[in-house]
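Visitor: This is the structure, below, for whatever I ask next.
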Amino acid sequence: MIDIRLYGAKADGVTDCITAISAAILVGDIIIQNGTFVISESIKIPSNRTIYGKNAKLKMADGSYDNAFRNSDFDGGNVNVKVIGLGNFLIDGNTVNNIEVNPFTDISHYTRYPNIYGGDNVYKYNLFFFYNVTGFEVSGINFIDRPHFVGVIAWSSEGVIDNIYLNYYTLTLNQDGIDFANGCHNIAYGNIRGYCGDDWTGLGAGDKFGFNYYSDGWNIGDIHDISFSNIKVFSELYHLYIIICGDGNKVYNISFDDILINYCGGVLYTGYTSFRTVAPTKEDIQNITMDNILVKTMREDHRAAFSLGEDCQDITITNFTNESGEPDFEETGGLDIVNFTINGTAYPL
Amino acid sequence: MNGIGIGIGRKRKSYWSNPLQDKYKSLLAAVSQKPSKSVQNAQNTFMYRISGGNSDSRNTLAKLSCIIPYCAGMPLAVDALLWWNNPVRKATLSVHAPDYTLLEGFTGDSANSAYINTGFNPTDDGGTLYTQNNCSVGWWFRNTRTTYSSTKIHGIAVSTNKIYINPWHSATKARIGANGEYYDLTTVNGGSMLFTINRKNATTINAFIDRLLTDNISNNSVGLLDGDIYNLALNNGTTAANFTSDTIGLFYAGSELDQTDVNVICDALDQLMFDLNTSVAVLNYPADGTLIDTNIWTITNPNTTSVEFEQNNAIIMRSLGVSSTADANNIKATFDVPYGVFIGSLVDIYKATVYRSLNYRFGNLNRFVIQRYGNLNQNLMFRLYNGASYIYDLDIGEYEFVIFKIVYTATHRLSFYKWSNDAWLLIDSYITTNICGNVKSIDMSSTGYLATETHLRDIYITKKDFNTLTP
C-alpha cells in the first residue's frame, strides 16, 4: 500500500491533501497514517482499491461539504471498493461545517443545502457515498460530524459495514447514520455504535428518498437481504430504523439482531409517506425479523417503539425488552398488517 | 582495494556525542573493567554536561568536592564507588554490603546494617572551600516504602552538627536536618527524587527537591559536622545507625551550589538515565487484532451493565454512562518505572458531562492524565493530579485525536509532545515536585452519565527517549 505522504500529503492538519491522495490512489491501495490530513474534496475510489487508515484523522476542510470518499464511477459502476481502518482512524466532517440548529424547531438548514431534495449534488452532503458498487467494505472507522448523513449506499451489493463508531459535536437536522437506498442487497452491517442526531438507519425505496444520486432510474430498485447485528445505540433522537417503500419497490428479507438502545425516539417506523408517491402493498414490505432488542429509554414525546404507517406482513420481533415505559406498538389505522408479532403476540391487538 | 580506498582520505566521525572530557579520561583509566562504548559515551556526556556543556555554561563540577553516580552503568560495583571528580578516591561498603544493580546503584538492607561510607568529610575534603557555611550535599535515590518511618535517613549526625535527609518521615513530608534542627519539607510521596541541601550561610539553609527550591530554612548555625557522610544510613559519629533499604543512584557534595547548579545536575542526570537505557520496552502494546491480552491488562469493572472493553485494532473503552461520580471502571496494566517515556495513540470523542481519563498513575489518585471533561468545546487536556485536584493543566490543542509522547525524567520534569507533521512537537514542560514517584500503572477510566468511547493503541513505554520514534 502507498503511504500518501510519498505523494506530497502532509500530516499537519492544514495542507489540502486531496491532490496527493487522488494521485496515489490511481496507482494502488493507499494508507493514511500518523497524523491529521485535510481534504477539500472527496476521495474518489476506483475499482479494486482500498483506503487504509491507522492513527490518523481524515478531516474535511473548512467550508467543504463534499463526501470524504465515494466510488469513482457512478454510471459505469465500481467493484471491490474498500475503506478499512486499522485502529484509531477517524473521518471528521469538521464541526465548523455543521450548523447549530435545534432539530425540533429550526429548519433553517434547508436554505443552506438548496439541492437537498432532488438536486444533482445532494449526495455530497454525507461523509461517504457509494452508488453502483458491487463488493464493498467500510470498517474500523470513527465518523465524527457530518452535515447530514454519515453515509448513503445506493444500488450497491455484496458489501460489509463493520466496526463503526458514529458521533457528532454539533447536532444538526437530518444527521442520520448510514442509510441504504434503492437497489441495495446482500449487505452485512454489524458492530456499530454511537450517537445520531436523527434516524440511525434508513431503508429508502421510495421515489422521493431525497439523498440519492440524482440520475435516471435512481429511485427504482428493491432493498433486500441485509442483516444488522450487534448495534449499540448510545443515543439517537428519532428512529433506529425507518423503512420507506413504495412506487413498486420492495423491502424484504431484512434481519436485525442483538441491538441495545440506550435512548431513541423509536425502533422501527414505516410512516414517512411523503417520500413515496404510490403506497406499498403488504407484499412490498415483508419478511423482516428482529431478535434480542433492548430499549432502555425512549423519548416521551415521540412514537411507540414500533410505529407503522404502511402495509406490511411477516414481521417477527422476538426477545424484545422495552424498559422505557413507552408503548411497544402503534399504527395509523386502516392498514393491512398481516402476521406482525412481538414476542409471540400479534399486533395490532 | 576497495576497503583501503574507503579508509584513506576520509575523516572518521568521532564516536563521542560530546567532546571527550579529560576528567572522564581519568575516570576511565581508574576503572577495573571498562563499560561498553555506548555507556562510555553516556558517561562522558554526563561529565560534559556538568562541566560546562550546558545552556548556562556553568562548570558545576568545579564546585563539587565529591560526586559518585552509582547508577552510571559501571559493570562492577567496585568501579561504581569511584569519585568522578577525583577517581583516586572511592566510597567503601559496609561488611554486609548493599546490593549493586546496574543502572540503579546500591540498595541498602536495613535488617543487616548495610550502608556506604562515601569517604567524604566536609571538614577534611572541603578544605578552604568550606568556611563556616557553604556545604552543599545531594542525593538521588529511590524507595519503595509503603510505610512512614523516622529512621530512614542518609547523612551524618554528630552531636548537634547534622546534615541528613529523611525522605519519608511522615505521611506527607520529608525531613531535612542540619545543625541540630530539623525541618519538614513539603509533600513528598516516595519514589525517586533528588534532594539537595545547601547550607547557604549562618542563618539560611536551602532545600531543593529536584529543581525546585522548596524551603529556605532560617537557622542560627553553630558549626559544621565533622565526619564522613554515609549513604543508606546515618553516621552518628562513631557507628552507622538508622539504616534504610532505599536504592541510591547519585551522591554529591560541594560548596555554594545554587539554583543553576541544581538545574545542571538534574538535566545531566535526566539525560544520563535516558542515554544509558536500552531500547527494551517496559510495555509495547500495538493493540492490533481483536483480543485483549489478559496477561497484560486487568479489567476492573464494577459497573458491568454499562461499561465494556474490547480490542479491535485498539483497546476500546465503551460506557453507556455510569451512575457514580467516581471512576467506575478501568482497564489497567501495571509496571514500575522511576522515569520513562510514554507513547500512545488516543481517540476520545467528546460528549459533555462525561469524564474520561487515560491515567499514568503514581498511586491511586496521584497521576498524570490525558483527559476530557464536561465543558463544551473542550480540547483534550494534559493534567497532573495531586489527589483529587489537578495542579497542572495543559490544553494540548486537539479535539479528539492525538498521537502523544510524555517524557517523565529522573528528576521529574514532565513534558508533553504530540506527533505533528512527522515530528514530535513539544507543547509544554512542567517540573513536578510534590507529586513525584515511580509510575506504576496505565489505565483508562470513565465517569459520567452519557455514553462514550475511548480508543487507545500503539502503547509504548520505555526508559529511553526516542526523539524520532513513530507510533
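Visitor: Which of the residues that make up region B:410-426 are open to solvent by less than 10 Å² (accessible area, probe 1.4 Å) and either charged (D, E, K, R) or not in a strand (DSSP E or B) (or both)?
Guide: B:ALA410, B:THR411, B:HIS412
Visitor: Sticking with this one: Return yes or no: is A:ALA68 within 14 Å of chain B (Cβ to nearest Cβ) and either touching a Pro at 6+ places or on another chain (Cβ under 6 Å) or open to solvent by less than 20 Å² (accessible area, probe 1.4 Å) (or both)? Reasoning before the result, please.
Guide: On the way: within 14 Å of chain B (Cβ to nearest Cβ): no; either touching a Pro at 6+ places or on another chain (Cβ under 6 Å) or open to solvent by less than 20 Å² (accessible area, probe 1.4 Å) (or both): yes.
It is false that A:ALA68 is within 14 Å of chain B (Cβ to nearest Cβ) and either touching a Pro at 6+ places or on another chain (Cβ under 6 Å) or open to solvent by less than 20 Å² (accessible area, probe 1.4 Å) (or both).
Visitor: Inspect all residues belonging to region B:413-420 and state whether any of them is more than 21 Å from A:ILE144 (Cβ to Cβ), at pLDDT below 85 and of a type in the set (A, V, I, L, M, F, W, C).
Guide: So the first thing to find is which residues in region B:413-420 are more than 21 Å from A:ILE144 (Cβ to Cβ), and the list is B:413-417.
Remaining after also requiring at pLDDT below 85: none.
No.
Visitor: Follow-up question, since we're still on this one. Within region A:258-300, which residues are within 14 Å of chain B (Cβ to nearest Cβ), open to solvent by less than 20 Å² (accessible area, probe 1.4 Å) and farther than 18 Å from A:ILE342 by Cα? First the steps, then the outcome.
Guide: Restricting attention to region A:258-300, the residues satisfying the condition of being within 14 Å of chain B (Cβ to nearest Cβ) are A:258-264, A:294-297.
Still in the list and also open to solvent by less than 20 Å² (accessible area, probe 1.4 Å): A:259, A:261, A:264, A:295.
Once the filter is applied, which keeps residues that are within 14 Å of chain B (Cβ to nearest Cβ), open to solvent by less than 20 Å² (accessible area, probe 1.4 Å) and farther than 18 Å from A:ILE342 by Cα, region A:258-300 yields only A:CYS264.
Visitor: Of everything in region A:1-19 that's away from chain B (no Cβ under 14 Å) and not in a strand (DSSP E or B), which residue is modelled with the lowest pLDDT?
Guide: Checked region A:1-19; the qualifying residue modelled with the lowest pLDDT is A:MET1.
Visitor: Right, something else. Is there any pair with a first residue in region B:410-424 that is on the phi > 0 side of the Ramachandran plot and within 12 Å of chain A (Cβ to nearest Cβ) and a second that is open to solvent by 10 Å² or more (accessible area, probe 1.4 Å) and of a type in the set (Val, Ile, Thr) whose Cβ atoms are under 9 Å apart and which are 6 or more apart or on different chains, and what are they?
Guide: Taking only residues 6 or more apart or on different chains, the pairs are B:ASN421/A:VAL14; B:ASN421/A:THR15; B:ASP422/B:THR470.
Visitor: Additional query: Regarding B:VAL347, is this residue open to solvent by less than 20 Å² (accessible area, probe 1.4 Å), more than 14 Å from every other protein chain (Cβ to nearest Cβ) and either closer than 22 Å to B:ILE427 by Cβ or modelled with pLDDT of 85 or more (or both)?
Guide: Working: open to solvent by less than 20 Å² (accessible area, probe 1.4 Å): yes; more than 14 Å from every other protein chain (Cβ to nearest Cβ): no; either closer than 22 Å to B:ILE427 by Cβ or modelled with pLDDT of 85 or more (or both): yes.
It is false that B:VAL347 is open to solvent by less than 20 Å² (accessible area, probe 1.4 Å), more than 14 Å from every other protein chain (Cβ to nearest Cβ) and either closer than 22 Å to B:ILE427 by Cβ or modelled with pLDDT of 85 or more (or both).
Visitor: Something else now. Any idea which residue in region B:372-409 is nearest to A:ASN167 (Cα to Cα), counting only those that are open to solvent by less than 20 Å² (accessible area, probe 1.4 Å) and among the charged types (D, E, K, R)?
Guide: B:GLU400
Visitor: What about A:ARG70, is it at pLDDT 95 or above, charged (D, E, K, R) and in contact with a Ser or Thr (Cβ under 7 Å, 6 or more places away or on another chain)? Step through it out loud before you land on a result.
Guide: Values: at pLDDT 95 or above: yes; charged (D, E, K, R): yes; in contact with a Ser or Thr (Cβ under 7 Å, 6 or more places away or on another chain): yes.
Against the criterion (at pLDDT 95 or above, charged (D, E, K, R) and in contact with a Ser or Thr (Cβ under 7 Å, 6 or more places away or on another chain)), A:ARG70 qualifies.
Visitor: State which residue is nearest to the other protein chains (Cβ to nearest Cβ) when the search covers only region A:174-209 and only residues that are of a type in the set (A, V, I, L, M, F, W, C), within 21 Å of A:VAL160 (Cβ to Cβ) and part of a loop (DSSP other than H, G, I, E, B).
Guide: The qualifying residue nearest to the other protein chains (Cβ to nearest Cβ) is A:TRP200.
Visitor: A further question follows. Just name the residue that is farthest from the other protein chains (Cβ to nearest Cβ) out of those in region A:147-170 that are under 21 Å from B:ARG318 (Cβ atoms) and in a loop (DSSP other than H, G, I, E, B).
Guide: For region A:147-170, the residue satisfying everything is A:VAL150.
Condition check ((1) crowded, with 21+ Cβ neighbours inside 10 Å; (2) touching a helix residue (DSSP H, G or I) at 6+ places or on another chain (Cβ under 6 Å); (3) in contact (Cβ under 8 Å) with a residue 40 or more places away in the chain) across all residues:
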{"position": "B:ASN59", "(1), (2), (3)": "no, no, no"}
{"position": "B:SER65", "(1), (2), (3)": "yes, yes, yes"}
{"position": "B:GLU104", "(1), (2), (3)": "no, no, yes"}
{"position": "B:ASN117", "(1), (2), (3)": "no, no, yes"}
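Visitor: Mind listing just one residue for me: the one in region B:350-371 that is basic (Lys, Arg) and open to solvent by 10 Å² or more (accessible area, probe 1.4 Å) and, of those, modelled with the lowest pLDDT? Quick ask: steps written out before the conclusion?
Guide: Our first condition is that a residue be basic (Lys, Arg); within region B:350-371, this holds for B:351, B:356, B:361, B:367.
Then drop every residue that is not open to solvent by 10 Å² or more (accessible area, probe 1.4 Å), which leaves B:351, B:361, B:367.
On the way: B:LYS351: 68, B:ARG361: 89, B:ARG367: 90.
Among those that are basic (Lys, Arg) and open to solvent by 10 Å² or more (accessible area, probe 1.4 Å), it is B:LYS351.
Visitor: Could you tell me whether B:LYS23 is at pLDDT 95 or above and open to solvent by 60 Å² or more (accessible area, probe 1.4 Å)? Can you show your working first?
Guide: On the way: at pLDDT 95 or above: no; open to solvent by 60 Å² or more (accessible area, probe 1.4 Å): yes.
When the stated conditions are applied, B:LYS23 does not pass them.
Visitor: What pairs come up if the first residue lies in region B:89-102 and is within 20 Å of B:PHE120 (Cα to Cα) and outside any strand (DSSP E or B), the second is aromatic (Phe, Trp, Tyr) and open to solvent by 80 Å² or more (accessible area, probe 1.4 Å), and their beta carbons are under 7 Å apart, counting only those six or more places apart or on different chains?
Guide: none
Visitor: Shifting gears a bit: From the residues in region B:457-471 that are more than 8 Å from chain A (Cβ to nearest Cβ) and modelled with pLDDT of 80 or more, which one is nearest to A:LEU90 (Cα to Cα)? Walk me through it before giving the result.
Guide: Keep residues of region B:457-471 that are more than 8 Å from chain A (Cβ to nearest Cβ), which gives B:459-469.
Add one more test, that the residue is modelled with pLDDT of 80 or more, and what stays is B:459-465.
Values: B:ILE459: 18, B:TYR460: 21, B:ILE461: 24, B:THR462: 27, B:LYS463: 30, B:LYS464: 30, B:ASP465: 28 Å.
Ranking the candidates gives B:ILE459 first.
Visitor: Is at least one residue of region B:83-92 of a type in the set (A, V, I, L, M) and surrounded by fewer than 18 Cβ atoms within 10 Å (Cβ to Cβ)? Please lay out each step first, then the result.
Guide: Applying the first criterion (of a type in the set (A, V, I, L, M)) to region B:83-92 yields B:88, B:91.
Cutting the leftovers down to surrounded by fewer than 18 Cβ atoms within 10 Å (Cβ to Cβ) gives us B:88.
Checking region B:83-92: at least one residue is of a type in the set (A, V, I, L, M) and surrounded by fewer than 18 Cβ atoms within 10 Å (Cβ to Cβ).
Visitor: Report, by residue number, each residue of region A:264-314 that is under 13 Å from A:GLY206 (Cα atoms) and either in contact with a helix residue (DSSP H, G or I) (Cβ under 6 Å, 6 or more places away or on another chain) or among the β-branched types (Val, Ile, Thr) (or both). Quick ask: steps written out before the conclusion?
Guide: To start, the set of residues in region A:264-314 that are under 13 Å from A:GLY206 (Cα atoms) comprises A:270-281, A:284-285, A:310.
Scanning region A:264-314 gives A:THR270, A:THR273, A:THR277, A:VAL278, A:THR281, A:ILE285.
Visitor: Given the options B:THR452, B:THR432, name the one that is modelled with pLDDT of 80 or more, farther than 16 Å from B:TYR360 by Cα and open to solvent by less than 50 Å² (accessible area, probe 1.4 Å). Break it down stepwise before answering.
Guide: Details: B:THR432 fails: farther than 16 Å from B:TYR360 by Cα.
Answer to the selection: B:THR452.
The values are calculated or read from the model by the stated rules, or taken from the named source; none is laboratory data. Please read these numbers as outputs of a predicted model, since none were measured by experiment. Reconstructed Cβ throughout: ideal geometry from the backbone, glycine too, with neighbour counts over all protein chains shown. Calculation scope for accessible area: heavy atoms of the full protein, side chains included, ligands and nucleic acids excluded. Shrake-Rupley method; radii C 1.70, N 1.55, O 1.52, S 1.80 Å.
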